Amino acid sequence: MITRSDDYVEYCRETAKHARDLHDLALRGSDKKETTRLTHESIVKTVALSSDDDLVDIGCGDGTLLRMAQQAGAHSALGLLATEEEVALVERTGVNVRQGLADHLPLPDASASVVVCNNVLLIVPREKVPASLREMCRVARPGARILIGEIPYAAQKDPTPQFKTRRELLSHLYHKRGFRSWLGMLRRMIWWKLTGQPEVIRPGTAVSFFATPEEFISLASDAGLETIRYWRHTDPDTRNNYLLRKPA
């Protein structure tokens, strides 16, 4: 019997194991490379990244922002990923990455002048969001800029339906994601049958955390962060971006 898991860490691990393109780790879809580039170019401008900065990118995906920081001459740029499998792929591109989760950052106090956490908190369990914000505040230096992006401002409907049969799942993949996804799942089903492994799918589409601007600003304030401004994200436009600061 096929069961569903919304454990995002395991989803990231599975994505890394089956990735055919480094951009798969950005978790936006293979057709969204331009979106990833434009999003991170906007982040560089928003935080006014300079050669004096020590950047920490929480959930750095395929490392796009880290490479942009290198090109901008940043003093240092460190990316954090949920799994060692992702780290092994991204570090091959010559950027500095390590394993770490938002609510327990493997970094010393006051080690960053810029902290970025984009398209990440929405998949962090709600009960861990306050700890994640406190960790960002802890690793930030006084006066540091913190950008937290793509926070849904309302509950999101999971676009992935539940499936009662293997046939339903395969049909959905074929019509929504194409032959490659269909074939990949068929191979996985055969492997499950041959090895006796549990039949678990991890769609990676469930949103764990959302907040109105008022609620999120309050959570950030409780963690010791000041809100400079917030604005509507462009793609998708159901989310908000927040520029924060650690008081000097």
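Some notes on this structure:
- Those residues of region 1-39 which are in the same structural domain as LEU66 (by TED's automatic domain parsing), out of contact with any strand residue (DSSP E or B) (no Cβ under 8 Å at 6 or more places or on another chain) and of a type in the set (A, V, I, L, M), in sequence order: ALA16, ALA19, LEU22, ALA26, LEU27, LEU38
- Residue within region 73-81 that is assigned to a strand (DSSP E or B) and in contact (Cβ under 8 Å) with a residue 60 or more places away in the chain present: yes
- Filtering SER50, SER42 for residues that are assigned to a helix (DSSP H, G or I), in the same structural domain as ARG13 (by TED's automatic domain parsing) and closer than 24 Å to CYS137 by Cβ leaves a single hit, SER42.
- All conditions but one from (1) crowded, with 16+ Cβ neighbours inside 10 Å; (2) within 17 Å of LEU133 (Cβ to Cβ) apply to ALA74; the one that does not is (2).
- Some residue of region 98-110 being among the aliphatic types (A, V, I, L, M) and surrounded by fewer than 17 Cβ atoms within 10 Å (Cβ to Cβ): yes
- Only residues that are surrounded by 15 or more Cβ atoms within 10 Å (Cβ to Cβ), under 24 Å from SER208 (Cα atoms) and more than 23 Å from the chain's Cα centre (by Cα) were counted in region 138-172, giving 3.
- Condition check for ASP62: part of a loop (DSSP other than H, G, I, E, B), crowded, with 16+ Cβ neighbours inside 10 Å and acidic (Asp, Glu): yes
- Residues of region 173-221 that turn out to be surrounded by fewer than 17 Cβ atoms within 10 Å (Cβ to Cβ), farther than 30 Å from GLU127 by Cα and free of Cβ contacts under 8 Å to residues at least 60 places away in the same chain, as a count: 21
- Cβ separations smaller than 6 Å between residues 6+ apart or across chains give the following pairs from region 117-128 residues that are buried (at least 17 other Cβ atoms within 10 Å of the Cβ) to residues that are among the aromatic types (Phe, Trp, Tyr): LEU121/PHE209; LEU122/PHE209; ILE123/TYR8; VAL124/PHE209.
The values are calculated or read from the model by the stated rules, or taken from the named source; none is laboratory data. What you are looking at is a predicted structure, and each value in this text was computed from that prediction instead of being measured. Positions of Cβ are backbone-derived with ideal geometry, glycine not excepted, and every protein chain shown enters the neighbour counts.
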